[in-house]
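Visitor: Here it is: the structure, laid out below.
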Amino acid sequence: MSLFDDHFAAKNAASARAWAMDEEKKQKEKREPAPPKMGVCDKCHKEALLRSYRSRQTDVVDGAASFGVVVKHLCEDCAPKSRREKDAEVPQLTNKQVKNLMRSAKKGLL
Ligand SMILES: [Zn+2]
């Protein structure tokens with residue numbers, strides 16, 4: 001084996017090892033989602049147990065589109081749901097909307 005081959009083989013083995021470690025890390029992340037943490041929800045600003053969600057975002061600034069991944073910390077109520085769940089979901093009224101409805105009803109507007 002020449003010196004070159006030896007060097008090449010060592011380099012190759014190192015990158016293969018790095019790749020394997022990376023894959024292992026990815027698998028681990030997939031298996032164990034981050035535990036919820038107490039904090040303030042990005043959407044409703046309530047203090048609750050939060051999970052972080054990565055979402056793709058497209059921004060158009062001055063006519064130029066930029067793509068980015070935004071990490072949001074959301075409570076269970078605000079957590080993004082799968083499309084199927086979303087379709088089945090009955091729209092919920094917020095407390096404010098309910099109060100407004102009650103007020104309207106009292107005034108005989110309904
Ligand atoms: Zn929330």
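Visitor: Mind counting the residues in the range 58-73 that are acidic (Asp, Glu) and closer than 26 Å to residue 39 by Cα?
Guide: 0
Visitor: Turning to a different aspect of this structure: In this structure, is residue 48 within 16 Å of the ligand (Cβ to nearest atom) and part of a strand (DSSP E or B)?
Guide: yes
Each value in this text was obtained by applying a stated rule to the coordinates, not by laboratory testing. Treat the numbers as computed from the prediction; the structure is a model and nothing was measured. Cβ atoms come from the backbone with ideal geometry, glycine included; neighbour counts cover every protein chain shown.
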